[in-house]
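The numbers here are math on the coordinates, done by the rules we state, and not lab data. Fair warning: this is a prediction, and the values are worked out from it, not measured in the lab. Using ideal geometry, Cβ is built from the backbone for each residue, glycine included, and neighbour counts are taken over all protein chains shown.
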Amino acid sequence: MELVELVYKLTQTFPDVEKFNLVTQINRSAVSIPSNIAEGKGRNSDKEFKQFLYIARGSLCELRTQLELARRLRYIKSDRQIKDKIIEVESMLNTLIKKL
């Protein structure tokens, strides 16, 4: 959830022209990560949970790509705090996937 909060704060600084484009994509990718973890946990099996963890990891990869695009478009500068949080979440997802 911390990653989502950081992303939402960051996208508030984007130009208005991106409000319904890249901002929406970035925010949806970020929200999708904990949402898929929660939905998977609520399922009846480890197999289903694992599948939702893979989906969450995919959303994390989308987020990383979208933030790189925003950086290339000069909407943001490299954000160490978000990069570190992405690495942390990816590590947690990979650990959970391996344990299941």
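The Kirkwood radius of the chain, taken over pairs of alpha-carbon atoms, gives through the Stokes-Einstein law at 25 °C and 0.890 mPa s a diffusion coefficient of 176 µm² s⁻¹. Residues VAL23, VAL89, arranged from fewest to most other Cβ atoms within 10 angstrom of their Cβ, appear as VAL89, VAL23.
Using only Cα atoms, find the angle between the long axis of helix 22-41 and the longest principal axis of the chain, and express it within 0 to 90 degrees, rounded to the nearest 10. It works out to around 10 degrees.
Of LYS41, LYS50, the sequence from fewest to most neighbouring Cβ atoms within 10 angstrom is LYS41, LYS50. Between 0 and 90 degrees, the angle of helix 46-72 with respect to the longest Cα principal axis of the chain falls at about 10 degrees. With a Cα cut-off of under 17 Å and a minimum spacing of 8 residues unless on different chains, the lysine pairs in the range 2-99 number 12. Each of ILE26, ILE86 was scored by other Cβ atoms within 10 Å of its Cβ. Arranged with the fewest first, they read ILE86, ILE26.
Axis angle, to the nearest 10 degrees, between helix 80-99 and the longest C-alpha principal axis of the chain: 20 degrees.
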